[in-house]
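Undergrad: Here's a structure for you.
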Amino acid sequence: MRAIRVASAALLGVGALAFSAPAAVAAVDSNITPFGFSVMPSTIAAGGQVTLQLDRDSGGCTGSATVSSGVFDTITIPGNRSSAAAVVDWDAKPGAVYKVTFSCNGVSGSTELTIATGRTTPTTPLNPTLYPDRGVHAGEGGSLAGFDLKEIGLGAALIAGSVGAAYHFSRRRTGDDGA
């Protein structure tokens, strides 16, 4: 009888700890780099202009970066800039998906660029000085938002109390134990 109470108290304590721990879910992705990158827009017509964006705020890409694809010429983004423009080739196949590879400091990552089914009118590339030197720093993305020491302390106290109560009730003797 006592073993059942001890086992159930232990399972209750482990369950409380497991459900109170934050869930860490990581996607298995072989395309992880120490710097962020994107192509905007991700779908464009042949002959259109895309912006190649690097996230230099994380410090993963400190030097110049090269961006290559089968649908536009190789672009070099200098170390003091975080974006560049590229014009998609006119002979890009509508509906095709092209791989765009960003390389910096010996690390490479890639994303996809989809060619829309329409054609755009010819444009001249934008003046590179129109782009800002740094991208927008929009925040930490919720990792620190709402960090409240009172709530964390209360949660830790509740968990410690439930573990203590489970231990107390598992150690308590009754008249059925024969002691």
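The values are calculated or read from the model by the stated rules, or taken from the named source; none is laboratory data. Just so you know, these numbers come straight off a predicted model, no measurement behind them. FYI the Cβ positions are ideal-geometry reconstructions off the backbone, even for glycines, and counts take in every protein chain you see. All accessible areas refer to the heavy atoms of the entire protein, side chains included, with ligands and DNA or RNA removed. Shrake-Rupley method; radii C 1.70, N 1.55, O 1.52, S 1.80 Å.
Undergrad: Calculate the spin-label point distance for Thr111 paired with Arg5, positioning each point 7 Å from the Cα along the beta-carbon direction, and give it in nanometres.
TA: Taking the simple label geometry, Arg5 and Thr111 are separated by 6.0 nm.
Undergrad: Taking amide H positions as placed in the peptide plane 1.01 Å from N, state which residues far from Asp55 in sequence (5 or more) or on other chains have amide H under 5 Å from it.
TA: Gly36, Phe37
Undergrad: In square angstrom, rounded to the nearest 10, how much accessible surface does Tyr98 have for a 1.4 Å probe?
TA: We get 60 Å² for Tyr98.
Undergrad: Quote to one decimal, in nm, the extra length available between Thr74 and Ala156 on full extension: 0.36 nm per residue of separation minus the C-alpha distance between them.
TA: Values: separation 82, 0.36 × 82 = 29.52 nm, distance 5.34 nm.
Here the answer is 24.2 nm.
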